[in-house]
Each structure stands twice: as C-alpha cells, then as structure tokens.
1. Quick one: in the range 145-177, which of the residues that are buried (at least 21 other Cβ atoms within 10 Å of the Cβ) and β-branched (Val, Ile, Thr) is farthest from ARG85 (Cα to Cα)?
2. Can you spot a residue in the range 30-42 that is under 19 Å from GLY105 (Cβ atoms) and at pLDDT 95 or above?
3. Can you name the number of the only condition in (1) of a type outside the set (A, V, I, L, M, F, W, C); (2) out of contact with any Ser or Thr (no Cβ under 7 Å at 6 or more places or on another chain); (3) farther than 21 Å from SER37 by Cβ that HIS154 fails?
4. Answer yes if at least one residue in the range 249-270 is part of a loop (DSSP other than H, G, I, E, B) and surrounded by 15 or more Cβ atoms within 10 Å (Cβ to Cβ), and no otherwise.
5. Would you check if there is a residue in the range 157-170 being out of contact with any helix residue (DSSP H, G or I) (no Cβ under 6 Å at 6 or more places or on another chain) and part of a loop (DSSP other than H, G, I, E, B)?
6. Can you tell me which residue is surrounded by the most Cβ atoms within 10 Å (Cβ to Cβ) among those in the range 23-62 that are over 21 Å from THR245 (Cβ atoms) and among the hydroxyl-bearing types (Ser, Thr, Tyr)?
7. Would you mention how many residues in the range 207-222 are touching a residue at least 24 places away in the same chain (Cβ under 8 Å) and either part of a helix (DSSP H, G or I) or in contact with a Gly (Cβ under 7 Å, 6 or more places away or on another chain) (or both)?
8. Being modelled with pLDDT under 95 and among the polar types (S, T, N, Q) is the filter; apply it to the range 185-220 and report the residue that is farthest from the chain's Cα centre (by Cα).
Amino acid sequence: MTDPPIPGPRSHAQGGPQGRRTWPCLSHERAVETFYSHGTENFGEFHGGYLNFGLWEEGVSGYLQAAENLVRRLGALLGLRPGSRLLDVAPGMGPQDLFLHRTFGPLEIDGLDVTWKHVEQGRARALRAGLEGRVRFHHGSAVAMPFEGGRFTHLLSIEGAEHFDTRERFFGEALRVLAPGGVMALADYTLKRPPRNALERWVLCAVCSVWRVPRANAWTAEEFRERLRRAGFEEAQVSEVGPLTIPGYFREQRRPEVREELARIRGFVGGRLGQVIDFALIGAYRWGLIDYVLVRARKPAPLPA
C-alpha cells in the first residue's frame, strides 16, 4: 500500500488538538474522564504504566510481559512497519506507543485520549524517551476525532472501544481518518451470549454502569463482525481469546501486593471500586457471559483503474 500525504489535523473548538478539552458536565466523555482520572498522578511506573489485561500465553510469567505481549500481538495484527502512521485511540498513559515505536518503528504515532491526565502522562513519557516529535498525545473524543480524513495508515485501540459512546460511531470516525487500505486492530470485549436470567442481566447492567460502558456496545462476536461490515470495513476478523486474558489479569489483581499498591494509587474508595469491577468481570466471564476479543478490519482500497 502506498502511503498518501499526511493532511493536517482538524482544529478543536478550544485551541487545536494539542490543547485540553472541557467536556460538558453530563456528557459521557466527562464520566469516562472522571472514572480514569482517579490516582493517575500517583501511578508512576507501577505495572510499567500499562492498564491492559495482558495476553497470558505460555511462557508469560508476569504482568509487564503479558501487557507487552498483547501490544506486540496487536502491532503484528496491524502489520506495522517503519514509516507507518498510527493513531492509537485511548492509549492510556502511553507506554504501549513507545513500545510499538521501538518494536516496529520508527513510526509516526498520534495518541488520542479522553482523559487529560493520561495525555499529560503520555507526553511526559515521550519527552523522557526523546520521542516527543514522533509520538504525540492529544486530548479528544473517539467519536469526534480532531484529524482530517485519510491521515493514518493504521488505527489501534486497546480496551477503549467498549467505552465509546457509541462503538458504532467510533467505527465511522475510524473509517474516515484511515487512508484507503488502512488497517484497524482492537482489543475489546464481547457478549458470549445474551443474559439468561434476572441476575445475569443485573450483573451486565451493573458492570456497564460502573465501568462507564454504554449498554448499546454489548455485542456478540457475530454482531461485532456485522457492525464492522455495516460501517464499511472489509476482511473483519473477531477472535475470542478470553482464556488468555481475563483469568491471568484477575490473578494479577488479586495478589496482595498489587491490591495494596492500587489502594495507595487510587485511594481507599477507588481501590475498592476497582476490586468490585474485577470480581464482576471474572464472574461474568466464568458464567460464559462475556469474552475478550482481538479484532482486525480493513478500510477498502479503490479498485485499480
């Protein structure tokens, strides 16, 4: 695929893509930002700065190895190569983008996150690594991206799309900012099956509410493929990898030293809330209600003349 020229980003209403946005009080963006802001300034290098569930394949023994194994798998799924122009939507505090630059690069990477504290952490990491010119972080919404069409050859989102209001609107934006033939890869969650009884419906609704996941984003793997097709993507792949992700992450979160550190970072209430979410997720997974998926899809390229 020949990479097209890079157009400039669209301006935000408040000073361009580099600046901080102010979300309306009752907006979904405000709710997600508030949820993820707790304790960010205290996180430091705990877990290497990663927030993902990790890919706990054979031979993986610790969280950092699992987290980077997941990022590496998605970079390979995307087909990243030197010169690729990557948009990472919901990159958290940014360690995955520095890892991708080292592993597959050099790359041009823009990270877009709804949480301002994550943007600040990502920029500080890029500055310390001497990569602030190649790995850039912006404050913005996944459903109204501050970039012009066709800017990126690849798009990534690791455990972000479930939060977007809605995932389907995000697909439209992803298709717009990708160049023809561009590839999108996601690590995401699906329904394994619809809830069978009142208790399962309550658990699903509770997880969605507390974790700031719109109920409209609760899809089965087959629905996921169909929504990608309807959005205009082709070659959609949705691979279920729950056994390699959710149990390993839960074991890690249950270690006493991890629980103690998370309580220090997030405070007593934030730490307990995280534990409640973890228990709800592992319960829903063990009941066969949810799964973890790796997704790949491509924006169609024009047919040769």
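1. ILE158
2. So the first thing to find is which residues in the range 30-42 are under 19 Å from GLY105 (Cβ atoms), and the list is none.
Checked the range 30-42: no residue is under 19 Å from GLY105 (Cβ atoms) and at pLDDT 95 or above.
3. Of (1) of a type outside the set (A, V, I, L, M, F, W, C); (2) out of contact with any Ser or Thr (no Cβ under 7 Å at 6 or more places or on another chain); (3) farther than 21 Å from SER37 by Cβ, only one is false for HIS154: (2).
4. Of the range 249-270, the ones part of a loop (DSSP other than H, G, I, E, B) are 255.
Of the ones still in play, those that are also surrounded by 15 or more Cβ atoms within 10 Å (Cβ to Cβ) are none.
No.
5. Yes, because at least one residue in the range 157-170 is out of contact with any helix residue (DSSP H, G or I) (no Cβ under 6 Å at 6 or more places or on another chain) and part of a loop (DSSP other than H, G, I, E, B).
6. Among them, the one singled out is THR40.
7. Adding up the residues that qualify gives 5.
8. ASN197
The values are calculated or read from the model by the stated rules, or taken from the named source; none is laboratory data. Quantities reported herein were computed from a predicted structural model and do not represent experimental measurements. Note that we place each Cβ from the backbone using ideal geometry, even for glycine, and neighbour counts take in every protein chain shown.
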